[in-house]
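Here is the structure we will look at.
The values are calculated or read from the model by the stated rules, or taken from the named source; none is laboratory data. If you're wondering where the values come from, they're calculated on a predicted model, not measured in any experiment. No Cβ is skipped: glycine too gets one built from the backbone with ideal geometry, and neighbour counts run over all protein chains shown. With ligands, DNA and RNA removed, areas are computed over all heavy atoms of the protein, side chains included. Shrake-Rupley method; radii C 1.70, N 1.55, O 1.52, S 1.80 Å.
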Amino acid sequence: MYTFDNPPDRHNTNCVKWDAKGGNFPLWIADMDFECAPPIKEALLRRVEHGVFGYTTVPDSWYDAYISWWKEEHGVTFKREWLSFCNGIVPALSAVVRALTEPGDEVVLQTPVYNMFFAAVKSSGRTVNENRLLYDGETYSIDFADLEEKLALPTTKLFVLCNPHNPTGNIWDKETLTRIGDLCRKHQVRVISDEIHCDITIPEKRYVSFAACGEENLLNSVICLAPSKAFNLAGLQTAAVVVPDEQLRTIALKEMQQADITHPNSLACVAAEAAFTQGKPWLDELRSYVFENRKFAEGFFKKHLPEAKPVKAEATYLLWLDCRSFMQDTHAFSTFLQENAGIILNAGEDYGADGAGFMRLNLACSRTLLEQALDEFVKAVELWKASPQG
């Protein structure tokens, strides 16, 4: 019904992804090359035709859309008063870090993890404490002994959960999430759960929200949600936080309001509503397309460059690529790829020290572009090996 093979040309549209210098194959920043779902585009056009774009409030229909989607798609029931609009997960994360911690406090991150988590913590004058994930050469898991040791520190006040995990693509199961929540409560550590990638899973697979892991854990958490990854709406700055505990909600919202991130632009709520109420057929086909891209990439590397090993993943449109057999300095390799092959990938070390030797690759592009990029990647690796850096 929908086609993803011929996405629009994004050059010269002030596009962060495609207007980067030397980026013939920009497979880096986490947005997709595809047009948004037709119902979203139609809803936005209707709103634009009105022609007036003044200050905007959050309508009841926005709350209803979020509540219905999470109940129907993920089996979780949110109450209206728990939900608050925000104009992005990273701004919300930064505000909540400031609200729930003091300068000098420690925030636990499970690394390798999305690089902006580090920025949100450090820019607030807090300290990152890494609970490094365990990697067995195929998949990642949690080092619970180390996690509890970090949570037990008197300076640890906050734990940031990424589920599904970016960049590894892990979906943490209910048992794992409940264990995390129980440990955090035991040591009086609050939880922020970033679930922005939750709707980009492999077909027939669903994520488990932290909200489904017991009422006590739910009341100890701030859950961050958005349609931006699944429906390619990042530029519209539309997201939400769910804070069930009233006291915690008051504290978090005060900081968010002071940061001026709770007011929607004229199109933000319109797009989110259309996504969650009419976007499911498009999303189902998108997930299948991205999954086929993942399978293609995995098969390609196995056949043409077995030294590069894709990490098994259940979610996101990101591929975490183990390149340790031929390089460690991911920033040097990233620059080399861009200068010699026009390929832009994310350097693994941006996601923590354990990212050395890994690269992050965005699969949300046309199959043709992906094929061309991987062909050039193989050639570039051979050049790298022959270079002084390799």
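State which residue is most open to solvent (accessible area, probe 1.4 Å) when the search covers only segment 300-341 and only residues that are among the charged types (D, E, K, R) and farther than 24 Å from Ile200 by Cβ. Working first, answer last.
Step one: of segment 300-341, the residues among the charged types (D, E, K, R) are 302-303, 307, 309, 312, 314, 322, 324, 329, 339.
Remaining after also requiring farther than 24 Å from Ile200 by Cβ: 303, 307, 324, 329, 339.
Values: Lys303: 158, Glu307: 62, Arg324: 103, Asp329: 79, Glu339: 142 Å².
That would be Lys303.
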Filtering segment 62-99 for residues that are surrounded by 18 or more Cβ atoms within 10 Å (Cβ to Cβ), of a type in the set (Ser, Thr, Tyr) and within 14 Å of Val242 (Cα to Cα) leaves a count of 3
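Based on this model, can you work out whether Ser221 counts as in contact with a His (Cβ under 7 Å, 6 or more places away or on another chain), touching a residue at least 40 places away in the same chain (Cβ under 8 Å) and buried (at least 17 other Cβ atoms within 10 Å of the Cβ)? Please lay out each step first, then the result.
Working: in contact with a His (Cβ under 7 Å, 6 or more places away or on another chain): no; touching a residue at least 40 places away in the same chain (Cβ under 8 Å): yes; buried (at least 17 other Cβ atoms within 10 Å of the Cβ): yes.
No, not satisfied.
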Name the residues in segment 317-349 that are farther than 29 Å from Phe231 by Cβ and within 23 Å of the chain's Cα centre (by Cα), would you?
-> Asp322, Cys323, Thr330, His331, Glu349
Given (1) open to solvent by 40 Å² or more (accessible area, probe 1.4 Å); (2) out of contact with any helix residue (DSSP H, G or I) (no Cβ under 7 Å at 6 or more places or on another chain); (3) at pLDDT 95 or above, index of the condition Pro59 fails = (2)
Go through segment 343-379 and count every residue that is surrounded by fewer than 20 Cβ atoms within 10 Å (Cβ to Cβ) and closer than 21 Å to Arg294 by Cα.
-> 11
When only residues in segment 150-171 that are open to solvent by less than 10 Å² (accessible area, probe 1.4 Å) and within 22 Å of Arg294 (Cα to Cα) count, which is nearest to the chain's Cα centre (by Cα)?
-> Asn166
Which numbered condition trips up Asn6, out of (1) in contact (Cβ under 8 Å) with a residue 24 or more places away in the chain; (2) part of a helix (DSSP H, G or I); (3) open to solvent by 40 Å² or more (accessible area, probe 1.4 Å)?
-> (2)
Segments classed as helices (runs of 4 or more DSSP H), wholly inside segment 31-126, with at least 1 members that are within 18 Å of Asp194 (Cα to Cα), among the aromatic types (Phe, Trp, Tyr) and under 22 Å from the mean Cα position of the chain (by Cα) = 60-74, 115-122
Residue pairs within 9 Å by beta carbon, gap of at least six or interchain, first lying in segment 166-190 and under 15 Å from Ala145 (Cβ atoms) and part of a helix (DSSP H, G or I), second modelled with pLDDT under 95 and open to solvent by less than 20 Å² (accessible area, probe 1.4 Å), listed first then second, are none
